[in-house]
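Values in this text are rule-based calculations from the coordinates and carry no lab data. Predicted model, so just to flag it, every value in this text is computed and none were measured. With ideal geometry, Cβ positions are generated from the backbone for all residues, glycine too; neighbour counts draw on all protein chains shown.
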Amino acid sequence: MHQYKGKLIIHTGSMFSGKTSSLEKDIKRFNIAGYKTVAFKPAVDTRYPKSEIRTHDNTTLNAVMVNNISEIYEYCRIHNPDVIAIDEVQFLGGKIEDIVKAINKFLEKDVTVVLAGLDMDFSGQAFEIVKELMPMADYLYKHHAVCAKCGTDAWVSHRKTKAQERIVIGATDEYEPLCRKCFLEEQND
Ligand SMILES: Nc1ncnc2c1ncn2[C@@H]1O[C@H](COP(=O)(O)OP(=O)(O)O)[C@@H](O)[C@H]1O
Ligand SMILES: Cc1cn([C@H]2C[C@H](O)[C@@H](COP(=O)(O)O)O2)c(=O)[nH]c1=O
Ligand SMILES: [Zn+2]
């Protein structure tokens, strides 16, 4: 796994596409290889206990809940991990430029950074931080869920309710992954 030292790995795509599962798998492999790892999750995601990241398949990973990039930086200054993971990076607090700067500093110090986050919100708008980070990646994986209407590869997370605020925490109660065609049909209904 030493080939990943100082590399940025990003898992992106819609909800249910396997972003968190992929981050979990990466971290478990780094653990097996003997690296000191830590996974962070933004405090905004209140679905699960503070100290765990949980996939839609209910597999879990120990995590440290943080409010912003400064808290991650401070934690890592004290604990010196070899590998840092951040789930739901689209919700991480802090200015985009500060997040980018902190991630670049980790990479310069040969730390591996694994990120998982939504590329787009429920309306198909890019999450700005993910849009900024994607071209920086050494390894960029766009994952696909199965379209809940037609069974092809999904493209976006469609919100099933009328809520318009950007952040609405939820799972299958609130969202379904759709392909572009099915998403446009929903919007035109
Ligand atoms: N429509 C769907 N397409 C693909 N996977 C789905 C779908 N609905 C539920 N799932 C489940 O979601 C799991 C992926 O969960 P997870 O890794 O937490 O995804 P993400 O972090 O991208 O939301 C899949 O392994 C599958 O069991
Ligand atoms: C599309 C979209 C999603 N959210 C929320 C819903 C979930 O709590 C998370 C995404 O979790 P996942 O691990 O990727 O399934 O984000 C939101 O607040 N706003 C949106 O537009
Ligand atoms: Zn479809």
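Annotations for the structure displayed:
The rows are residues; the columns are (1) within 15 Å of ligand 1 (Cβ to nearest atom); (2) of a type outside the set (D, E, K, R); (3) within 22 Å of Ile86 (Cα to Cα).
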site	(1), (2), (3)
Asp110	no, no, yes
Leu115	yes, yes, yes
Asp119	yes, no, yes
Phe127	yes, yes, yes
Val130	yes, yes, yes
Leu133	no, yes, yes
Ala154	yes, yes, no
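- If you check Leu133, Leu107, Leu184 for being more than 13 Å from ligand 2 (Cβ to nearest atom), surrounded by 21 or more Cβ atoms within 10 Å (Cβ to Cβ) and not in a strand (DSSP E or B), only one passes: Leu133.
- Against the test of being of a type outside the set (Asp, Glu), within 16 Å of ligand 1 (Cβ to nearest atom) and out of contact with any His (no Cβ under 9 Å at 6 or more places or on another chain), the options His56, His79 yield a single qualifying residue, His56.
- Top-ranked residue in segment 147-166 [being over 22 Å from Asp57 (Cβ atoms) and surrounded by fewer than 11 Cβ atoms within 10 Å (Cβ to Cβ); ranked as nearest to ligand 2 (Cβ to nearest atom)]: Glu165
- Tabulated pairs, segment 59-88, first within 16 Å of Ile129 (Cα to Cα), second part of a helix (DSSP H, G or I), C-beta under 6 angstrom, 6+ apart or interchain: Ile69/Asp98; Ile69/Ile99; Ile69/Ala102; Ala85/Leu23; Ala85/Ile27; Asp87/Thr20; Asp87/Leu23
- Selection from segment 51-92 of residues that are closer than 27 Å to Met120 by Cβ and assigned to a loop (DSSP other than H, G, I, E, B): Thr55, His56, Asp57, Asn58, Thr59, Ala63, Asn67, Asp87, Glu88, Leu92
- Whichever residue in segment 1-29 is touching an Asp or Glu at 6+ places or on another chain (Cβ under 8 Å), in a strand (DSSP E or B) and among the β-branched types (Val, Ile, Thr) and, among such residues, is nearest to ligand 1 (Cβ to nearest atom): Thr12
- Residue within segment 105-120 that is without any contact (Cβ under 8 Å) to a residue 60 or more places away in the chain and under 12 Å from the mean Cα position of the chain (by Cα) present: no
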